[in-house]
Amino acid sequence: MSAWVLPDHIADVLPSEARRIEELRRELLDTARGYGYELVMPPLLEHLESLLTGTGEALDLQTFKLVDQLSGRMMGLRADTTPQVARIDAHLLNRQGVTRLCYCGPVLHTRPDRPHATREPLQFGAEIFGHAGLEADLEALMLALDCLRASSVTQLTVDMADARIVRALLEGVALAAPALAALHAALAAKDGSALRQLTRDFPAAAREGLLALPSLYGDAGVLDRARQLLPDRPAVRQALEQLRWLGSQITGASVSYDLADLRGYAYYSGARFAIYTPGASDALVRGGRYDEVGAVFGRNRPAVGFSLDLKELVGVAARRPLKAAIRAPWGESASLRAAIAALRGRGETVVCVLPGHDSELDEFECDRELVDAAGIWAVKSL
């Protein structure tokens, strides 16, 4: 095998796409800062028990593992940044009030999570800790939408569900882990025949509620139908009321509901959302409430957040024009170098054309030129 061939689902990012990704990264971080979120930079590598403890256990199969040559302990390359941010909130910051944190960095997956996906996403996310009310859920959702709008992504659809509904329906039903996983898979696939088989010995209310879930998707009318079809239990009522309120607060995007959507079921503790746009193969953003995320670190605080992959986002974000630049000759003249330094100091991009390479400027739109006008270097339009 040639030395330059990369592993499957791993790729170099070339100049044009790298420029666009970096522009988006700055836009998203600035948008989060506008909401009061502070940037953190967790390490790519951690002790394995820290990465995979608590809610992180679901990431076990997605985590690359290796032995630390210094300590002999098992270490892992992070597959998700959220558990690390929860650790930072719990142990390093340890604040009493609300904490807002954001991050942007690579994560590594042992296998792609869908066809044609990368195993090295560039994950951006934001988390708000310390507030149990719906105000925090709404803030996370609005920030996610504003991040996509800042990226010039349009025609957004917010799809919502709530992890508490299935848990409430299964209350009092004893299920082994394999049976529970099969039930979740049948719900996610909306497989009615499998659901009927799996729930044949369930109490009547639980069985009828679970069998109704696959049909409960669509617009806000779904919530009215759910009140009629699902058992009248406090957790179910609360989840439906909160989903209705959150949906009513969203502007500039379509809203839908899918009460059988169980992606991230083991992770989320309340309302969850996914944001879609035409042209994307899957959701651009996933997020919601996950109040248990910090419990394993000794500080069980309310938490809401979301994450997205910048490498996916760049594929649907509107292309931006190339940065305008100034073309300059190469030379040893002190006055030329001073003129170039002054322009760069004012924020201009000045590209020096090396001898014999007159037209190799692919990533910059040179609309001006630095020329010698009677001994004075001046910028002229091309």
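The values are calculated or read from the model by the stated rules, or taken from the named source; none is laboratory data. Bear in mind that the values here come from a model prediction, so they are computed numbers and not experimental data. Quick reminder, even Gly has a Cβ in these numbers, built from the backbone with ideal geometry, and neighbours come from all protein chains shown. These accessible areas exclude ligands, DNA and RNA; they are computed on the full protein's heavy atoms, side chains included. Shrake-Rupley method; radii C 1.70, N 1.55, O 1.52, S 1.80 Å.
How about the range 293-369: which GluC sites (Glu not before Pro) there are in a DSSP loop, with at most 11 other Cβ atoms within 10 Å of their Cβ?
Details: sites: E312, E332, E348, E360, E363, E365, E369; in loops: E332, E348, E360, E363.
When the GluC sites (Glu not before Pro) of the range 293-369 are filtered for loop state and at most 11 Cβ neighbours within 10 Å, E332, E360 remain.
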Per the charge dipole of the chain (beta-carbon charges, Lys/Arg positive, Asp/Glu negative, Cα centre), the residue among A318, M41, A339 reaching farthest to the positive end is M41
Enumerate the residues in the range 273-316 having an amide nitrogen under 11 Å from the point lying 7 Å beyond the Cα of H116 toward its Cβ. 279-282
If I take every Cα pair under 8 Å that is 6 or more residues apart in the range 1-128, average their sequence separation and divide by the length, what percent do I get for the relative contact order? 28 percent
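Measuring with a 1.4 Å probe in the full set of protein chains, what accessible area per residue, in whole Å², belongs to the range 134-205? Mind showing how you got there, number by number?
Numbers: 3090 Å² over 72 residues.
That works out to 43 Å² for each residue.
Contact order normalised by length for the range 176-274, with contacts defined as Cα pairs under 8 Å and 6 or more residues apart; what percent is it?
Numbers: 80 pairs, mean separation 30.6, N = 99.
Contact order relative to length: 31 percent.
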Inter-label distance for T154 and Q197, nm, one decimal - labels placed 7 Å from Cα along Cα-to-Cβ: 4.7 nm
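What is the range 279-350's relative contact order, in percent, from Cα pairs under 8 angstrom and six or more apart in sequence?
Details: 60 pairs, mean separation 17.2, N = 72.
Result for the range 279-350 is 24 percent.
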Rounded to the nearest 10 Å², what accessible area does D232 have for a 1.4 Å probe in the complete protein model? 110 Å²
What is the sum of charges, Lys and Arg at +1 and Asp and Glu at -1, for the other residues whose Cβ falls under 12 Å from the Cβ of L195? +2
Exposure of K311 as accessible area (Å², to 10), given a probe of 1.4 Å and all protein chains: 50 Å²
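Run the numbers for R225 and D282: contour at 0.36 nm per residue of separation, minus the present Cα-Cα distance, in nm. All intermediate terms of the calculation are to be shown ahead of the outcome.
Numbers: separation 57, 0.36 × 57 = 20.52 nm, distance 2.68 nm.
Taking R225 through D282 to full extension adds about 17.8 nm, to one decimal.
What FRET efficiency do you get for R344 and L180 if R0 is 41 Å and r is their Cβ-Cβ distance, rounded to the nearest 0.05?
Values: r = 61 Å, r/R0 = 1.48.
About 0.10, to the nearest 0.05.
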Given H placed 1.01 Å from N in the peptide plane, which residues other than close sequence neighbours of A11 have an amide H under 5 Å from its amide H? none
Options [x] 25.9; [y] 24.7; [z] 20.4 - which one matches mean projected area of the Cα convex hull in nm² as calculated here: [x]
Give me the angle, in degrees from 0 to 90, between the Cα long axis of helix 177-188 and the longest principal axis of the Cα atoms of the chain, rounded to the nearest 10. 70 degrees
For the R244, K190 Cβ pair and Förster radius 22 Å, calculated FRET efficiency rounded to 0.05 is 0.50
Among DSSP beta bridges whose residues both lie in the chain, state the antiparallel percentage, nearest 5. 75 percent
Tell me the carbon and sulfur percent of the accessible area for the chain, rounded to whole percent, probe radius 1.4 Å. 54 percent
List the residues whose amide H sits under 5 Å from the amide H of I326, counting only those 5 or more places along or on another chain, with H placed 1.01 Å from N in the peptide plane. T349, V350, V351
In what sequence, largest accessible area first, do M160, M75 appear using a 1.4 Å probe? M75, M160
Given only helices, namely DSSP H runs of n ≥ 4 each adding -39500 (n - 2.57), what is the per-residue ellipticity at 222 nm of the chain, to the nearest 500 deg cm²/dmol? -9500 deg cm²/dmol
Using the Karplus curve 6.51 cos²θ - 1.76 cosθ + 1.60 with θ = phi - 60°, work out ³J(HN,Hα) for each residue of the range 70-77 in order, rounded to whole Hz, and write x for Gly and Pro. 8, 10, x, 7, 6, 10, x, 8
Give the peptides 267-277, 253-263 in descending order of average Cβ contacts within 10 Å, highest first. 267-277, 253-263
What is the Cα centroid distance between the range 295-366 and the range 198-243, reported in whole angstrom? 51 Å
Residue by residue through the range 242-252, which ³J(HN,Hα) values in whole Hz follow from phi under the Karplus form 6.51 cos²θ - 1.76 cosθ + 1.60 (θ = phi - 60°), with glycine and proline marked x? 6, 4, 4, 5, 4, x, 5, 8, 7, 10, x
By a straight-distance test (C-alpha under 15 Å), which aspartates and glutamates pair with K380 as possible cross-link partners, with residues fewer than eight away in the same chain excluded? E348, E365, D367, E369, D372
Sorted by accessible surface (1.4 Å probe, heavy atoms of the protein chains only), largest first, W377, W330, W4, W245 come out as W4, W330, W245, W377
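Can you classify the range 93-204 as rounded, prolate or oblate using the Cα gyration tensor, where a ≥ b ≥ c are the square roots of its eigenvalues, rounded means a/c under 1.5, and otherwise it's prolate if a/b beats b/c and oblate if not? Before the final figure, lay out the partial values.
Working: a/c = 2.05, a/b = 1.54, b/c = 1.33.
Prolate.
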